[in-house]
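The values are calculated or read from the model by the stated rules, or taken from the named source; none is laboratory data. Please read these numbers as outputs of a predicted model, since none were measured by experiment. Cβ: placed from backbone, ideal geometry, glycine included. Neighbour counts: every protein chain shown.
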């Protein structure tokens with residue numbers, strides 16, 4: 001079946017799991033020109049020698065995006081060679097007390113204006129504003145795809161501001177937040193389930209850094225790679241109620257897959273829902289994952305960011321490991337409760353997994 005038949009249309013607008021990605025998103029294929037502005041404040045000046053630490057902290061996020069895209073995305077960063085002093089003290093920007101869109105845009109605008117004398121923003125696609133580690137009240141790292149600032153004749157629309165949490169998350173916070181500028185949704189839950197209070201990761205657990213930046217398996221889901229144009233149609237098996245057998249190579253090796261390799265199996269359930277199977281192994285950024293195997297998850301393009309547009313199916317419900325041991329193992333099977341379709345998992349060569357689809 002033509003793989004594009006499984007490209008479920010977006011039903012939410014904005015950040016989501018459907019096709020095409022949000023029309024406000026930046027292209028995920030080609031060159032992304034990023035302006036990196038390092039800022040400090042009169043009440044929190046950056047210590048001498050701290051610029052190198054700030055530069056190196058976020059570098060791994062840039063490498064992640066380029067590596068996982070298989071080179072489809074090339075990020076060209078122009079960084080300030082000094083700390084740029086913001087016009088107001090850090091306390092004037094209420095990150096720690098309910099930051100509004102207007103507050104966020106003002107902060108970004110002030111950073112751009114302060115840096116403009118030594119920056120050329122004429123070709124900039126995204127602005128990254130990095131606050132000194134001394135400014136603990138710049139608490140977190142939000143993104144906007146709706147900036148409205150003009151600099152050097154260029155209308156700037158996308159920006160990420162990196163706050164104190166970047167030092168806890170490390171460089172992959174850049175990959176997570178830049179994922180939003182490319183159109184990807186948050187996969188953690190904005191509100192924890194009533195029957196599992198406090199578990200904001202009940203939907204996907206540690207799978208995919210759009211769900212948990214520090215997770216044990218931060219590689220993007222195959223579905224999201226497909227959305228971004230990083231996974232070619234030829235690597236997708238689309239099986240709408242059709243008996244099928246697919247041999248899946250590890251998603252972590254999708255960028256180097258041979259033209260004949262299958263990376264993802266998609267079973268559409270409705271116009272907005274599908275079941276997806278991919279093969280996750282201890283490779284690349286997933287080298288610390290607890291349980292390799294066939295990862296099954298559902299897609300619902302009618303569900304908004306932060307509400308669970310992707311949900312992992314747990315092969316071991318009730319285990320103390322949560323979703324860390326969610327993948328199905330060779331010799332097991334799963335029946336989709338919505339359709340009765342049976343998926344059977346078997347060992348393939350090397351790290352490959354064979355999946356057989358038996359529609360009800």
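Go through the residues of region 151-159 one by one and say whether even a single one is in a loop (DSSP other than H, G, I, E, B), under 25 Å from the mean Cα position of the chain (by Cα), closer than 26 Å to residue 29 by Cα and at pLDDT 95 or above. For region 151-159, residues in a loop (DSSP other than H, G, I, E, B), under 25 Å from the mean Cα position of the chain (by Cα), closer than 26 Å to residue 29 by Cα and at pLDDT 95 or above: present. Residue check: is residue 315 assigned by TED's automatic domain parsing to the domain that holds residue 352, over 24 Å from residue 180 (Cβ atoms), touching a strand residue (DSSP E or B) at 6+ places or on another chain (Cβ under 8 Å) and not in a strand (DSSP E or B)? Answer is yes for this residue. Listed here are the strands (runs of 3 or more DSSP E) enclosed by region 242-306 that have at least 2 residues being within 18 Å of the chain's Cα centre (by Cα): 273-280, 293-300. Kindly evaluate residue 96 against the criterion of being part of a loop (DSSP other than H, G, I, E, B) and in contact with a strand residue (DSSP E or B) (Cβ under 7 Å, 6 or more places away or on another chain). So residue 96 does not fit the description; no.
Do we have residue 355 as buried (at least 21 other Cβ atoms within 10 Å of the Cβ) and either within 27 Å of the chain's Cα centre (by Cα) or at pLDDT 95 or above (or both) here? Step through it out loud before you land on a result.
Numbers: buried (at least 21 other Cβ atoms within 10 Å of the Cβ): yes; either within 27 Å of the chain's Cα centre (by Cα) or at pLDDT 95 or above (or both): yes.
Spelling it out, residue 355 is indeed buried (at least 21 other Cβ atoms within 10 Å of the Cβ) and either within 27 Å of the chain's Cα centre (by Cα) or at pLDDT 95 or above (or both).
In region 45-57 there is no residue that is assigned by TED's automatic domain parsing to the domain that holds residue 173, touching a helix residue (DSSP H, G or I) at 6+ places or on another chain (Cβ under 6 Å) and buried (at least 20 other Cβ atoms within 10 Å of the Cβ).
Examine region 98-106 for a residue that is touching a helix residue (DSSP H, G or I) at 6+ places or on another chain (Cβ under 8 Å) and modelled with pLDDT of 95 or more, and state whether such a residue exists. No - not one qualifying residue is present in region 98-106. The test for being buried (at least 21 other Cβ atoms within 10 Å of the Cβ) and either free of Cβ contacts under 8 Å to residues at least 12 places away in the same chain or touching a strand residue (DSSP E or B) at 6+ places or on another chain (Cβ under 8 Å) (or both) holds for residue 126.
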